[in-house]
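Since the structure comes first, as structure tokens, the remarks are kept for the end.
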Amino acid sequence: MVLQSIILIGGLLLLVKGADWLVDGASVLAKKHKVSDLAIGLTIVAFGTSAPELVVNSVASVAGYPDIVFGNVIGSNNFNLFIILGIAGLITPLAVKSSSVWKEIPFSLLAAVVLLFLANNYLSKEIPGLSRIDGCILILLFTGFLYYVFTQLKADPSLDELQIKSYSNPKIWGLILIGLAGLVVGGKVVVDIAVSMAQSLGVSEKIIGLTIVAAGTSLPELATSVVASMKRKNDIAIGNIIGSNIFNIFLILGVSSLIKPLNFQPAFNQDIYILIGGTIFLFLAMLIGKKKTLDRWEAALLLISYVTYTVFLVTLEL
């Protein structure tokens, strides 16, 4: 147990340092090429921090563990939305751009609603699950999201007024790649140790997916968004979360269902409803109080809601 604890701490430290390097490299890259922080957060950072989910889900899909696949994605998205944005918003109120309020957040809501309909097969009345055709639909929607992001890669006039570090191209990409590697390796170490501990306690596959695996694979998003928030890189902090949630549903579940069709337990619907409700709350939070800002009290409400729900979820399993 002592050795496992040491390895766990090492994995967490690797995650934090990897996030630090990734945010630095991505921020400098954004300014150097006149690309907004938001676009970088929605693409490079979001994809990099979603890599652990992609690896875990691909392995789980091949091994035939659909509950781990769905639990990981749905649980990770809820963890991202409630815990990570909650913590980042407590560190500093998160002011976002109009495009996030009216485009990216609604896009993430669309992703959750599409998942609800496809997984339950409401239209076809077949056995709940994601077929390879559903996987193709998800990948197609992901392609549409990428197209939208790349149409937004325009110069932001405010960037010229910012003081930025001067790195050479090799150093910039070195920071990004080493940061991503640290996130992936650190995330895998943490998940492996956590799952091993949970299994020894006889916790169900669904709960492992929704809690330990989901939280573990979301640690890169947590580390990245917290570091970005501390550095006042709000667009990276919130863009990373929104982008990761869209990536998780459209890309990761799309790839997982293409590898092998996935059976879906309707019990996961309540977790999807929580995700939809949380996303709607985030959208409304942009319109009330200080406009286009996640205030500290709203962030605290996200945290409290998730902790309460998780305690309730675990209690049901006991």
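The values are calculated or read from the model by the stated rules, or taken from the named source; none is laboratory data. Keep in mind that what you see is a predicted model, and the values were worked out from it rather than measured. Methodologically, a virtual Cβ is constructed for each residue, glycine included, from the backbone with ideal geometry; neighbour enumeration extends over all protein chains shown. For accessibility, only protein heavy atoms count, side chains too; no ligands or nucleic acids. Shrake-Rupley method; radii C 1.70, N 1.55, O 1.52, S 1.80 Å.
List the residue pairs whose Cβ atoms are under 6 Å apart, where the first residue sits in region 209-230 and is under 20 Å from ILE272 (Cβ atoms), the second is of a type in the set (Ser, Thr, Tyr) and crowded, with 24+ Cβ neighbours inside 10 Å, and the two are 6 or more positions apart or on different chains.
Pairs found: ALA214/SER76; THR217/SER76; SER218/SER76; GLU221/THR49; GLU221/SER244.
Which number in (1) over 21 Å from the mean Cα position of the chain (by Cα); (2) closer than 12 Å to LEU85 by Cα marks the one condition that GLY278 misses?
All conditions pass for GLY278, except number (1).
Restricting the search to region 246-272, which residues are open to solvent by 10 Å² or more (accessible area, probe 1.4 Å) and either of a type in the set (S, T, N, Q) or without any contact (Cβ under 8 Å) to a residue 60 or more places away in the chain (or both)?
Passing the criteria: ASN263, GLN265, ASN269, GLN270.
Since ASN78 meets every condition but one in (1) within 28 Å of LYS32 (Cβ to Cβ); (2) modelled with pLDDT of 80 or more, which condition does it not meet?
Among (1) within 28 Å of LYS32 (Cβ to Cβ); (2) modelled with pLDDT of 80 or more, ASN78 violates only (1).
Please specify each residue of region 285-315 satisfying the condition of being aliphatic (A, V, I, L, M), open to solvent by 70 Å² or more (accessible area, probe 1.4 Å) and in contact with a helix residue (DSSP H, G or I) (Cβ under 9 Å, 6 or more places away or on another chain).
Of everything in region 285-315, those that are aliphatic (A, V, I, L, M), open to solvent by 70 Å² or more (accessible area, probe 1.4 Å) and in contact with a helix residue (DSSP H, G or I) (Cβ under 9 Å, 6 or more places away or on another chain) turn out to be ILE288, LEU301, ILE304, VAL307.
What is the number of the single condition among (1) over 30 Å from VAL28 (Cα atoms); (2) in a helix (DSSP H, G or I) that GLY202 does not meet?
All conditions are met except number (2).
When both residues are 6+ apart or on different chains and their Cβ atoms are under 8 Å apart, which pairs have a first residue that lies in region 47-76 and is on the phi > 0 side of the Ramachandran plot and small (Gly, Ala, Ser), and a second that is part of a loop (DSSP other than H, G, I, E, B) and open to solvent by 10 Å² or more (accessible area, probe 1.4 Å)?
What qualifies is GLY64/LYS260.
Only one of these is open to solvent by less than 30 Å² (accessible area, probe 1.4 Å), of a type in the set (A, V, I, L, M) and modelled with pLDDT under 80: ALA111, ALA46, ALA88, ALA63. Name it.
ALA46
Is there a residue in region 189-203 that is in contact with a Phe, Trp or Tyr (Cβ under 9 Å, 6 or more places away or on another chain), open to solvent by 10 Å² or more (accessible area, probe 1.4 Å) and modelled with pLDDT of 75 or more?
Scanning region 189-203, I find no residue that is in contact with a Phe, Trp or Tyr (Cβ under 9 Å, 6 or more places away or on another chain), open to solvent by 10 Å² or more (accessible area, probe 1.4 Å) and modelled with pLDDT of 75 or more, so the answer is no.
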